[in-house]
1. Given H placed 1.01 Å from N in the peptide plane, which residues other than close sequence neighbours of MET74 have an amide H under 5 Å from its amide H?
2. Only one of the listed values, (1) 58, 12, 10; (2) 22, 14, 14; (3) 33, 18, 11, was derived from the coordinates as semi-axes √(5λ) of the Cα gyration tensor in Å; which label is it?
3. Starting with the highest mean, order 11-17, 34-40, 69-75 by the number of other Cβ atoms within 10 Å, averaged over the residues of each peptide.
4. Counting alpha carbon pairs within less than 8 Å and at least 6 residues apart, what relative contact order, in whole percent, applies to segment 25-105?
5. Tabulate in residue order the Karplus-calculated ³J(HN,Hα) for segment 92-98, using 6.51 cos²θ - 1.76 cosθ + 1.60 with θ = phi - 60°, rounded to whole Hz; enter x for Gly and Pro.
6. Lysine pairs in the chain with alpha-carbon atoms under 16 Å apart, 8 or more places apart or on different chains: how many are there?
7. Can you compute the FRET efficiency between PHE14 and PHE101 using 1/(1 + (r/R0)^6), with r the Cβ-Cβ distance and R0 = 41 Å? Round to the nearest 0.05.
8. Could you list the residues of segment 79-98 with an amide nitrogen less than 15 Å from a label point located 7 Å from the Cα of TYR32 in the Cα-to-C-beta direction?
Amino acid sequence: MSAVPDTNAVAFGFDEGTIVIKIGKELPLATYSNGKVVWVKSNEIATFNLKLLAGADEASKDGEVVKPQNVKEMGVSETFVQNIRFAPTGRYFAAIGDSDFVIYAYPKF
């Protein structure tokens, strides 16, 4: 058994052959609600507000790369997050795992 550095690939070798599988996702899991963005990558939860970006008043184009400068780290999740959902009010969001979930309050910027 061997892990490929800097990827989610793991290789298994045995008498009758080898197999390579991917574990998890390479891209961060993200959600968006009313300008608020939350994402999880490697169990680290971070957030930023699109409305606070410099030049947010100007119209942006579809597919434009956004480089947020007001990122807030929310900490590390103890569960393997598989989904993120905002509450209808947008004030809270849940990090959902296999058998449990954690509810966070969206920070005020």
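1. ILE45, ALA46, THR47
2. (3)
3. Ranking, from highest mean packing down: 34-40, 69-75, 11-17.
4. Values: 130 pairs, mean separation 19.3, N = 81.
Taking the mean separation of contacting Cα pairs over the length of segment 25-105, I get 24 percent.
5. Coupling constants for segment 92-98: 10, 9, 10, 9, 9, x, 4 Hz.
6. Within the chain, the lysine pair count is 12.
7. Efficiency for this residue pair is about 0.65.
8. In segment 79-98, the label zone of TYR32 (backbone N under 15 Å from the point 7 Å along Cα→Cβ) covers 86.
Each reported figure results from applying straightforward, stated rules to the coordinates on display, with no laboratory input. Note that the structure is predicted; figures quoted are calculated from it, not measured. In this analysis, Cβ positions are derived from the backbone assuming ideal geometry, glycine residues included, and neighbour counts consider all displayed protein chains.
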